[in-house]
1. Can you name the residue in the range 131-142 that is over 15 Å from Val43 (Cα atoms) and touching a residue at least 40 places away in the same chain (Cβ under 8 Å) and is also surrounded by the most Cβ atoms within 10 Å (Cβ to Cβ) among such residues?
2. Looking only at strands (runs of 3 or more DSSP E) that fall completely inside the range 1-118, which ones have 3 or more residues that are surrounded by 17 or more Cβ atoms within 10 Å (Cβ to Cβ), touching a strand residue (DSSP E or B) at 6+ places or on another chain (Cβ under 6 Å) and at pLDDT 85 or above?
3. Condition first: surrounded by 15 or more Cβ atoms within 10 Å (Cβ to Cβ) and of a type outside the set (A, V, I, L, M, F, W, C). Now tell me which residues in the range 143-157 satisfy that.
4. How many of the residues in the range 119-148 are in a loop (DSSP other than H, G, I, E, B) and touching a strand residue (DSSP E or B) at 6+ places or on another chain (Cβ under 9 Å)?
Amino acid sequence: MALAMLLLAAAQSPVRLVQGTDPITDRPSAWAVIGDSRNHIAVGCDGGKSYRPEVIIRFPVQLGASRPGLLTGGHPVTYRFEGKSAETVRWYSWKAQAQAGEAPTRATGFIKGLMESRRVSIRTTARSGARLDQTFDYDDAGGLIAKALMICHVPLP
């Protein structure tokens, strides 16, 4: 039993809060980050840019032409939260932002899914055409996401 709990804990993606302040505007930045430096989902805001919620998904390989490892414009992404149906969306910039495109709820739905679940699987393709699958198992991230959004003065989804 103890070994099973240890293996389960080792399989969990760490969830942490990263905070900062813009050196020019003094506006706060806050990110709830699920995963590690090579593979992660970050939800929050960059105080130097806006107070709108942003979602960044980082992969260990280059997906598009603009920046290594970041989702680029018009890139199809399929995700599935535990117990829910899969959904395919297109991120319109290297960040999947709520203000991107015509649908302001695009990031909000993803954020809400993260807050209500403990697992998300993501599928996309690398620039080479190879299929990329990532699954993040995490403890309750809702509290840290809520805290990041509160610091950013963003209403909860």
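1. Out of the qualifying residues, it is Gln134.
2. 28-35, 40-45, 75-81
3. Passing the criteria: Lys147, Pro157.
4. Within the range 119-148, residues that are in a loop (DSSP other than H, G, I, E, B) and touching a strand residue (DSSP E or B) at 6+ places or on another chain (Cβ under 9 Å) number 5.
The values are calculated or read from the model by the stated rules, or taken from the named source; none is laboratory data. Quick caveat, the model's predicted, so the values are computed rather than measured. Neighbour counts are summed over all protein chains in view; Cβ atoms, including those assigned to glycine, are modelled from backbone coordinates with ideal geometry.
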